[in-house]
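Okay, so here's the structure we're looking at.
We did not get these values from a lab; they are worked out from the coordinates using the rules stated. If you're wondering where the values come from, they're calculated on a predicted model, not measured in any experiment. All Cβ positions, even for glycine, are placed from backbone atoms using ideal geometry, and neighbour counts span all protein chains on display.
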Amino acid sequence: MVSLEEIKKSLLTCIWFMFLTFPIMVIRVNTVQKVIEWRWINMLLVGVAGFILSFFWRNLFREKGKTGTEKQSPAKTDNISIFQKIREDRKRFLPVVALFGCFMIAFPLVFSLYQTNIMTTALIYVMLGLGLNIVVGLAGLLDLGYVAFYAVGAYSYALLNHHFGIGFWTALPLSGLLSALFGILLGYPVLRLRGDYLAIVTLGFGEIIRLILENWNEFSFGPSGIANIPRPGFFGMEMSLKGHTIYLYYLMILLVLFTIFVVNRLQNSRIGRAWIALREDEIACQAMGIDKARTKLTAFALGATWAGMGGVVFAAKTTFINPASFTIWESIIILCIVVLGGMGSIIGVISGAMILILLPEYLRAFSEYRMLIFGIVLVVMMIFRPGGIIPDIRRVYKYKGKETRMI
Amino acid sequence: MKNESKRLMIAVIVGMLLCLFVSGPGLAADTIKLGVAGAHSGDLASYGIPSIRAAKLVVDEINAKGGVLGKQVEVLTEDDVCKPEVATNTATKLISKKVDVVLGHICSGATKAAMGIYKDSKIVVMSPSATNPDLTQSGDYPNFYRTIASDDAQAKLDVDFALDVLKLKKIAVIHDKGDYGKGFAEFAKKFLEESGKAEVVLFEGVTPGAVDYSAVVQKIKQNDAEAVIFGGYHPEASKIVTQMRKKRMKTIFISDDGVKDDTFIKVAGKYAEGVYASGPKDTSKNPLNIKAVKAHKDKYGEAHGAFYENAYTATIALLNAIEKAGSTDYDAISKALKTEWVETPIGKIRFDDRGDAIGAGFSVYQVQDGKYVELK
Amino acid sequence: MDWEYFLELFLGGLTRGSIYALIALGYTMVYGIIELINFAHGEIYMIGAFTALIVATVLSMLGLNQVAILICAAVAAVVYSCAYGFTVEKLAYKPLRKAPRLSALISAIGMSMFLQNYVLLAQTSDFLPFPSLIPDFEFWEPYAHIISSQELVILITTFVVMILLTILIKFTRIGKAMRATAQDKVMAALVGIDVNQVISVTFIVGSATAAIGGVLIASHIGQINFYIGFIAGIKAFVAAVLGGIGSIPGAVLGSLVLGWTESFFTGYISSDYEDVFAFMFLVFILIFRPAGILGRSDTQKV
């Protein structure tokens, strides 16, 4: 099975990587103390690892090429085919959803406080992912500054509470509304921009919001942030930390269900179809009489609303916020959730959020290597499943048969 | 077909259970659990890693001597990358693992976010590096202690030095827009204005990590500032100082603990000469300090990083309090921390009612011949 | 109006702009060819700087003279950056050429995270002092308080690199192939251009400019750590977009405009909001010229 050619190829890869990693991995200089450390053992490790991994790498590609579909390993395909089959058939779809629902409901009762806590975080990101999915997945507008709306939501709750004592339940819709307003504010000037120009302007917008929060002390308390944000109340009941955590968990489950419901309805509505049409072809879309400006603005506004509400829950959960939580990395992570999960697909986004948010937590066992592994996972996932874990189901409805390529 | 969906469910459940076991509580042996939380990865890791090392070194030594109250001490480290949202997860994780006391967190923001959780669970937390004044002064965090002076205490010292010793009249206050730097700068500005002896000619933030600060440096020159009081860390400070000196400006540079780091001198080289920085009192003659520094050098083969001594002190103080209290009970530990003096690398200390260390003083240093020299 | 102050701010902005330009050139070239925001480009720049630091330190302990060290370090940085750029393209981007564009973007983000943490783990999280490889020139000393020798070298290098790149793209065979590939990959392949090779060359050239930037900037600032690439990368990317992404003079012009904007805003108003202003300026420019200052806004084909 392993031919001489293969070994030669792997040997070359191995030598290449040994050369590549030589200065960084082998030599460690400390210019403060003027010492050089030579770590030849690392070179050996890189060589051996490179040799073995290059076999796997080529093998994976062969498999990917052979089947014509993207797949990583037999186990993985198995899973996916199940998912697809389940989704196609309502009879099987419902029980699976019910079972999953039971699991989610029983979750905080079975698992520890920590597990519940990180699951709540993951649920917040599910909500953010679904919101961004409207903008990126459905309307096809690449938004790298989504975190701005998240920040707007979190800060409006924190500030409204600080100055006017407004509670969680009032702040939730209010912050959603405020974020939507910001969404329109951002959307308006960038209507003309396309693709990556839009991406960079939204990135700039995200940074502008963060920098203003950081610099304008009188307004936002600057980089030291706002502490003692109350957790959500439940008819004035006194709750322990455990009670609060579990309560917040169920609250998030309800909010996510609500989000799924709304996004699902939106997808199949008139405006949802307009978004998808806009994503596919802007000019044809306008020719068909769709109001481009209004459609885009609704996408921004609706996407922002969820971010705003997510922000409120976030502020209530951590009880402390500062601008450092709203960096561009956060936007990137949310974008990764959408793309990795599968653009435009609700189940995809949910699984994307679960993986990307829970993975770093479970990777804690690897301590300092966790972000390294996280990076590799992103690259490998994209290479072997470029459409995301669970690609958009909508493709099924496409006009099949006499497909001609438009030029 | 039914089979397949069942298999999926089983897979999901087994997966989740596995996760639970992996991250669930460790073996419930009878040990005292010391949680160490802070930035152990990411761009601020260099401020968090020394605290893990300090905790491990102290614990190893104490364990070798038979532990605390006859029990071995176990170190549980958790990373919060200095982000508030991660810090709450870190805190709940440590609580799920039933820690007795916590050393951490490193950044003030992350500490504030995590404190809410520790407070409800009645766990004593001691930070080696969180300097935000609110942590002790607001009274919101009765279970918080620290082995480092707060921003306002440092700012007061620097301002007094600038006004009384150097007799400066025109001062520019610059900060790095960060939690620590800006907090420090705000206090410095406030104290300067209250004193009425000097004028704040410029109050500005620079963007950390920017490639060059020449515009700000020009502005300092333009405003005829005699001195700069800088709040922030050494990477920015060395860039500003270097650029000022290259522009032939002799403006005095006064800064904080974040700059009182040997790396600053190494990076800024000859331009570092004459720079003032406040920092904990020189305790390098203290035998415990010598021992702590040597232990690090022996084990890790390199000089210790930032906040190492503070973390070393905090670990000793926490474990000593447990020993003196005779149990890991919250009230007993709090009482012991506030009443029992303990010998540490930064001197003999105990804690006041708000949680600040008494006995750990601050003084101003100046770079002379490539070394920080304490000014009496 | 204080003209000296104005001049100083102008020169400060010029230096800052040139620094951005050295990184932005690589961004713009890669984007021009495969329309990918190469997030890992900043990391290539960081690796170039690290390689230079390592080589320089090792050589200075062997006792070489400064010019030899500078040349060796720069060559090593360029070689290794090119090697990394080439490998990153082959591993993380090439398999995704036919995939949705956002997938390639996520792959680039993953690569950026990987490279950052790779250097963090293999080297250190601390800031390391970077030796000033460029000496203070004797003849320039009288003017050094206005603009230092290092800044002068950066300015000249940026200019030379820009000219060389323009010549490469306008007049050489590979340059023509690059332009053809940028316009239409399928057609380029049909007329006998090895598209894969062209893309590899683009990555190598882009990485080489980043490495030159890495050595010069690190030497100017005097310190590096594993995170410098990310911050500088974002700014350089903004600059490239401002000038019109895909265009070489555009990247340089955009960088200079960004540098001046920041410098003057800091000088005359406040550095607190310099980035806010820089981004607002970007939005403002893009509203009126949606394809950047020098970018061609090509009409959309139906």
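Points worth noting:
- Zone of residue B:169's modelled label, taken as backbone nitrogen in the range B:181-203 under 11 Å from a point 7 Å along Cα→Cβ: B:198-199
- Looking at the protein assembly as shown alone, DSSP beta bridges between its own residues are antiparallel in about 40 percent of cases.
- Centre-to-centre, using Cα atoms only, the range C:12-66 and the range B:341-356 are separated by 47 Å.
- With a Förster radius of 60 Å applied to the C-beta separation of residue B:270 and residue C:172, the computed FRET efficiency comes to 0.85.
- When the helices of the protein assembly as shown are scored as -39500 (n - 2.57) per DSSP H run of n ≥ 4 and the total is divided over every residue, the value at 222 nm lands at -20500 deg cm²/dmol.
- Note on chain B: antiparallel DSSP beta bridges, both residues inside, total approximately 30 percent of the bridges counted.
- Gap separating the Cα centres of the range A:165-228 and the range C:145-193, nearest whole Å: 39 Å
- Among residues other than residue A:199 with Cβ under 15 Å from its Cβ, the summed charge is +1 (Lys and Arg +1, Asp and Glu -1).
- Hull volume per residue, based on the alpha-carbon atoms of the range B:152-256 and their convex hull, is 79 Å³.
- Gyration tensor verdict on the range B:64-195 (Cα atoms; rounded if a/c is under 1.5, prolate if a/b is larger than b/c, oblate otherwise): prolate
- Spin-label model, residue A:166 to residue A:35: label points 7 Å out along the Cα-to-beta-carbon direction sit 5.8 nm apart.
- Contact order normalised by residue count of chain A, Cα under 8 Å, 6+ apart, percent: 24 percent
- Tensor-based shape of the protein assembly as shown (alpha-carbon gyration tensor, a/c under 1.5 rounded, otherwise prolate or oblate): rounded
- Residues whose amide H lies under 5 Å from that of residue B:78, counting only those 5 or more places away or on a different chain, are B:36, B:37, B:38; hydrogens are built 1.01 Å from N in the peptide plane.
- Neighbours of residue C:90, meaning other residues whose beta-carbon lies under 15 angstrom from its beta-carbon, give a summed charge of +2 when Lys and Arg score +1 and Asp and Glu score -1.
- Cα-Cα pairs of the range B:244-376 separated by more than 20 Å (percent): 55 percent
- Highest average packing first - B:243-251, B:153-161, Cβ atoms within 10 Å: B:153-161, B:243-251
- Gained length - residue B:119 relative to residue B:366, 0.36 nm times residue gap less alpha-carbon distance: 84.9 nm
- The H on the amide N of residue B:177, modeled in the peptide plane, is under 5 Å from the matching H of B:182, B:206, each at least 5 residues off or on a different chain.
- The value given for the range B:224-306 is a Kirkwood hydrodynamic radius of 14.1 Å, derived from the mean inverse Cα-Cα separation.
- Relative contact order for chain C, counting Cα pairs under 8 Å that sit 6 or more residues apart, in percent: 36 percent
- Each residue of the range B:112-185 gets 92 Å³ once the volume of the Cα convex hull is shared out per residue.
- Using the alpha-carbon positions of the range A:4-68, Rg (one decimal) and Dmax (whole number) come out as 16.1, 56 Å.
- Gained length - residue A:44 relative to residue A:262, 0.36 nm times residue gap less alpha-carbon distance: 73.0 nm
- Backbone N within the range B:221-237 under 15 Å of label point (7 Å from residue B:197 Cα along the Cβ vector): B:227
- Distances between placed amide hydrogens fall under 5 Å for residue B:199 paired with B:170, B:171, all partners being 5 or more residues away or on another chain.
- Peptides C:179-189, C:14-24, A:153-163, C:148-158 ordered by average Cβ neighbours within 10 Å, highest first: C:14-24, A:153-163, C:148-158, C:179-189
- q = 0.12 Å⁻¹: log10 I(q)/I(0) that the Debye formula gives for the range A:111-390, counting C-alpha atoms only: -0.74
- Sparsely packed loop sites in the range A:224-296 (the GluC sites (Glu not before Pro) outside DSSP H, G, I, E and B with at most 10 other Cβ atoms within 10 Å) comprise A:238.
- Per-residue HN-Hα couplings for the range A:35-49 [Karplus 6.51, -1.76, 1.60; θ = phi - 60°; Hz; x = Gly/Pro]: 10, 10, 10, 9, 10, 5, 4, 4, 5, 4, 4, 4, x, 4, 4
- Enclosed volume per residue, in Å³, of the convex hull spanned by Cα atoms of chain C: 150 Å³
- Shielding of A:335-346 by partner chains, average beta-carbon count, 10 Å: 2
- Between residue B:281 and residue B:303, the contour length at 0.36 nm per residue exceeds the alpha carbon distance by 6.0 nm.
- Peptide C:282-293 - average C-beta neighbours from other chains (10 Å radius): 4
- Distance between the pseudo-spin-label points of residue A:3 and residue C:184 (7 Å out from Cα toward the beta carbon): 3.7 nm.
- Cα point-scatterer Debye curve for chain B, base-10 log of I(q)/I(0) at q = 0.10 Å⁻¹: -0.66
- Exposed GluC sites (Glu not before Pro) absent: longest stretch of chain B, with sites in DSSP loops and at most 16 other Cβ within 10 Å deemed exposed: B:1-272
- Neighbouring partner chain Cβ atoms per residue of A:201-207, average, 10 Å criterion: 6
- Computed from the Cβ-Cβ distance with R0 of 60 Å, the FRET efficiency linking residue A:284 to residue B:30 stands at 0.25.
- Cα-projected label distance for residue B:376 with residue B:353, points at 7 Å along beta-carbon direction, nm: 3.7 nm
- For B:304, B:105, order by how many other beta-carbon atoms lie within 10 Å, fewest first: B:304, B:105
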